[in-house]
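For reference, the structure is listed below as structure tokens.
Any read-out appearing in this document is the output of simple, stated calculations on the displayed coordinates, not a laboratory observation. Computed from a predicted structure; not experimentally measured. Here the Cβ positions follow ideal geometry from the backbone for every residue, glycine too, while neighbour counts run over all protein chains shown.
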Amino acid sequence: MGMKKKRQIGQAIGIFFLTVIALLFIYPVFLMFLNAFKPFGEVVSNPIAFAKKPTFENITYVVDKIQYARLFMNNVMITVIGIAGIVAFASLAAYILDRRRNRYTKFIYALIIAPMLIPFQTIMITLLKAMSVINLSESRVGLGIQYWGFGIPMATFIFFNFMKTIPREIDESAHMDGASTFRTYLSVIFPLMKPVTVTVIVLDVMWIWNDFLLPLLMVNSSNKTKTLVLAAYTFVGQMNTKWQYAMAAMVLAVLPSIIIFIFLQKYIVEGVVAGAVKG
């Protein structure tokens, strides 16, 4: 058997396993959408069957019950605050750490990315106490700021590796024209980071918008500060779960992030490819 044939067989096997894995991840989402348009009896009796008579009553009920518009704006506010801080601080940190490499900046870089190795569960009690002390608990702004701490390490790691692909001569040219370090970053370097910046934004939007545990700990006590995912959980009870409404609420909660991912997923590939080609 020739090498070309072996390569084709290997590729076919790889595609098969990747397809199986993709289907395993997609299947629960498919069931969620499937049951969001079925009455309670059909959901309980046969959750994997298509609806005999699809209905939008579940959607309209949930939209009114959870005050969807207000919770949607809560999600937007929290996500925008989180993304803005993550992108701003991580990109600037990556620029400084890359352009001023020495043993001190290497140590600082290690400290910044070290939290990626620390499970959230180990610090959540301390975090709750700290946010309470500075009066940022039960606050949408406070929740958005907390995502900075969890998102900046990974974003810095991504930006830092992309910074290696940008020639230092660009900085030198800007400095010769009288630009300061910050002006060089803001006007010259940051625009060149567009591919990887969009990648970071898309990945973090998917994470922050659909996060459950941190909002559960921080903003769950008031209906004014809840997120969409938390609101969906209100239909799940120990003794009585309204599955048709829970599924409809989850569809309404995750649909915006799915739409964003569909339209912007190409930028993730472009960001990765840009770094690989330039490197």
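Some points to look at:
- When ASP64, ASP98 are sorted by how many other C-beta atoms sit within 10 angstrom of their C-beta, beginning with the fewest, the order is ASP64, ASP98.
- Rounded to 0.05, the FRET efficiency of the ASN240 and ILE26 pair, given R0 = 22 Å and the Cβ-Cβ distance, is 0.15.
- Fluctuation leader among ILE125, ILE158, ILE112 - the chain, Gaussian network, Cα springs under 10 angstrom: ILE125
- Cα-centre dipole for the chain with unit charges at Cβ (Lys and Arg positive, Asp and Glu negative), debye to 20: 640
- What the Cα convex hull of region 86-153 gives, in volume per residue, is 95 Å³.
- From most to least packed by mean Cβ count within 10 Å, the peptides 208-221, 4-17 give 208-221, 4-17.
- For region 63-104, a simple Cβ point-charge model (Lys and Arg +1, Asp and Glu -1, everything else neutral) yields a dipole of about 300 debye relative to the Cα centre.
- Semi-axis lengths, largest first, of the ellipsoid equivalent to region 146-220 are 33, 12, 9 Å, with √(5λ) applied to each eigenvalue of the Cα gyration tensor.
- As a proxy for reagent exposure, ranking LYS65, LYS53 by other Cβ atoms within 10 Å from fewest up yields LYS53, LYS65.
- Label sites at THR165 and THR105, each approximated as a point 7 angstrom past Cα along Cα to Cβ, lie 2.0 nm apart.
- Mean residue ellipticity (222 nm) of the chain, computed from DSSP H runs ≥ 4 via -39,500 (n - 2.57), nearest 500: -24000 deg cm²/dmol
- Measuring against 18 Å, Cα to Cα, the residue pairs LYS65/LYS242; LYS194/LYS266; LYS129/LYS224; LYS106/LYS164 contain LYS129/LYS224 as the ones spanning a longer distance.
- Listed peptides 20-28, 102-110 appear in the order 102-110, 20-28 once ranked by packing, highest mean of other Cβ atoms within 10 Å at the front.
- Sequentially through region 210-224, phi angles give Karplus couplings (6.51, -1.76, 1.60; θ = phi - 60°) of 9, 5, 10, 5, 5, x, 4, 7, 9, 10, 8, 7, 10, 5, 6 Hz, Gly and Pro residues having no value and appearing as x.
- Read-out Rg/Rh (Cα atoms, Kirkwood Rh), derived from the coordinates shown; its label in (1) 0.97; (2) 1.10; (3) 1.05: (3)
- Rounded to 10°, Cα long-axis angle of helix 68-99 versus longest principal axis of the chain: 20
- On Cα atoms only, tilt of 3-35 relative to the major axis of the chain in degrees: 50
- Span from the region 165-198 Cα centroid across to the region 50-97 one, whole angstrom: 32
- Cα long-axis angle, helix 103-113 against the chain (0 to 90 degrees, to the nearest 10): 10
- Sorted by Cβ density within 10 Å, fewest first, the residues ASP171, ASP177: ASP177, ASP171
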